[in-house]
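Here's the structure we're looking at; comments come further down.
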Amino acid sequence: DSIIMAATAPKFERIKLFSRTDSDGQPITDVRMSPDGRYVVFQTAAGFGGGRAYNPASLIDPPKPTLWVMEARAGAKPVQVAAGQGPIFSPDGRTLIYRQGRVLWSAALAAPGQSRLMIAGGAASGPVGASA
């Protein structure tokens, strides 16, 4: 099983945020917390380091690396964002930036939907957050 846990100051008592079986070959990877600690994003169906999607069942249409976001509190449910990889949060924690191949996308966490930011001339790697 894959489990996401969190702890907050001052007691740092662990709470279980989410768990799932990874027997289907789609473990939780690339877990990140927003700067304000309100959200957690994670990826499924891709190997550690953002490699190609796992396909242990040899499906004709293999699973796509998928991003999920959830509030960082016990009992919260993850919401599927989109197929994508390399998630990072904006410095204010309100926007998720991720890539699909050569395209960078953003998704505002307060409102559903996504916006294309840019198409890279080569292969896009992980975007880097910057503060104002």
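The values are calculated or read from the model by the stated rules, or taken from the named source; none is laboratory data. Because the structure is a prediction, the values reported are computed rather than measured. Glycine gets a Cβ as well: all are built from the backbone with ideal geometry, and neighbour counts include every protein chain shown. Accessible surface is based on the protein model in full, side chains and every heavy atom, while ligands, DNA and RNA are left aside. Shrake-Rupley method; radii C 1.70, N 1.55, O 1.52, S 1.80 Å.
Applying the selection to segment 21-36, what residues are surrounded by fewer than 20 Cβ atoms within 10 Å (Cβ to Cβ) and either modelled with pLDDT under 80 or acidic (Asp, Glu) (or both)?
Hits for segment 21-36 are Thr21, Asp22, Ser23, Asp24, Gly25, Pro27, Asp36.
Any idea which of Tyr39, Tyr54 is modelled with pLDDT of 90 or more and of a type in the set (Phe, Trp, Tyr)?
The unique qualifying residue is Tyr39.
I'm trying to understand the selection: among the residues of segment 67-89, which are small (Gly, Ala, Ser) and either in contact with a Cys (Cβ under 9 Å, 6 or more places away or on another chain) or open to solvent by 20 Å² or more (accessible area, probe 1.4 Å) (or both)?
Correct list: Ala72, Ala74, Gly75, Ala83.
Taking the condition of being part of a loop (DSSP other than H, G, I, E, B), of a type in the set (Gly, Ala, Ser) and under 13 Å from the mean Cα position of the chain (by Cα), how many residues in segment 73-89 meet it?
Narrowing segment 73-89 to residues part of a loop (DSSP other than H, G, I, E, B): 73-78, 84.
Imposing the further condition that a residue be of a type in the set (Gly, Ala, Ser) reduces the set to 74-76, 84.
Restricting the remaining residues to those that are under 13 Å from the mean Cα position of the chain (by Cα) gives 84.
Qualifying residue count for the region: 1.
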